[in-house]
Amino acid sequence: MKSQLPKTTFGKTGLEVTRLGYGSGHRKPMDDKQRDTILNAVVDAGINFIDTAISYGNSEKLIGKFLKHKRDKFYLATKGNLWNADDLENQLNRSLKRLATDYVDVYQLHNPTIDQCRSADLVDTLNKFKKSGKCRWVGVSTSIPDFKKFVEWDSFDIFQIPYSALQMENEDTMNTAANSGAGIIINGAIALGEPNVGIGSQAIWDNFEKYNLQEFLDINETKTSFMLRFTLTNNNAHTAIVGTTNPEHLDTNIESVLKGPMEVELYNKIRKRIDSNPAI
């Protein structure tokens, strides 16, 4: 019997989401057969949270095309990036059409500034979308310093942020948000993969060597697996959306999550090492 991916409660939404989600902002060219294969492999593996955005090329359209028949098997999140109420609503309507659905579970603002949200009353606009049934929950994709102010507003159900062993700046605010009932989506859980393997930044990955994290790797454990398990050891990181176009990499990510969180003693040693060496 196939092992089931662990799930957690997605904040006050009450949704039970898999700790491993899927980020569909594919950065490599793919034909229809390849995208059909990977999207269906994601859902068939039991991953029940998929994140996309209207700005991710044809990602929404491909999800609608290849996963319409499995819409009841996963939660769907997308994002908009126009900072005017009417334009944002038109953008949401386009997303729904592309996704071949009449609602999304989560609709997020895609990296707005505080001023953009305030000047266009975008929180009111999101609540209008929620009331209309076009989305069930609303959120924002953001990072420090705006993240902290958005949490203080107490207006969003969901926050999407970058967080990993190599990028810890959002952690304190993430914990505050999660403890207040927000659902937390993690992007960058593996820092986009190692340079020359994935497309991660060399500057960020230099911190792996700076912290000497290779000392903590299990036998035959990859840096990517280590990063993913570290991220998900924090229970406030509800779901980590990891993108891939390669079914073998998907299987590897699943295997990493099935290994479970790090042991407390090991995790604390790693944290001590990181905390004593500020990021580059």
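The values are calculated or read from the model by the stated rules, or taken from the named source; none is laboratory data. Since the structure is predicted, the reported quantities are computational estimates derived from the model, not experimental observations. Counting neighbours? That spans all protein chains shown, and the Cβs are built from the backbone with ideal geometry, glycine included.
The number of residues in region 5-53 that are under 27 Å from Leu82 (Cβ atoms), modelled with pLDDT of 95 or more, out of contact with any Gly (no Cβ under 6 Å at 6 or more places or on another chain) and part of a loop (DSSP other than H, G, I, E, B) comes to 3. Residues in region 126-136 that are under 17 Å from His110 (Cβ atoms) and either more than 23 Å from the chain's Cα centre (by Cα) or not in a helix (DSSP H, G or I) (or both): Lys134, Cys135. In region 98-119, the residues that are surrounded by 16 or more Cβ atoms within 10 Å (Cβ to Cβ) form Cβ pairs under 7 Å with partners that are modelled with pLDDT under 95 and among the hydroxyl-bearing types (Ser, Thr, Tyr), at six or more places apart or across chains, as follows: His110/Ser55. Residue-level check: of (1) free of Cβ contacts under 8 Å to residues at least 12 places away in the same chain; (2) buried (at least 17 other Cβ atoms within 10 Å of the Cβ), Leu166 misses just (1). Scanning region 137-157 for residues that are assigned to a helix (DSSP H, G or I) and of a type in the set (D, E, K, R) turns up Asp146, Lys148, Lys149, Glu152. In region 124-146, of all residues being out of contact with any strand residue (DSSP E or B) (no Cβ under 8 Å at 6 or more places or on another chain) and at negative phi, the one that is surrounded by the most Cβ atoms within 10 Å (Cβ to Cβ) corresponds to Thr125.
Residue-wise test of (1) within 15 Å of the chain's Cα centre (by Cα); (2) surrounded by 17 or more Cβ atoms within 10 Å (Cβ to Cβ); (3) of a type in the set (S, T, N, Q); (4) under 20 Å from Ile161 (Cα atoms).
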| site | (1), (2), (3), (4) |
| --- | --- |
| Ala182 | yes, yes, no, yes |
| Ile185 | yes, yes, no, yes |
| Asp206 | no, no, no, no |
| Thr224 | no, yes, yes, yes |
| Thr239 | yes, yes, yes, yes |
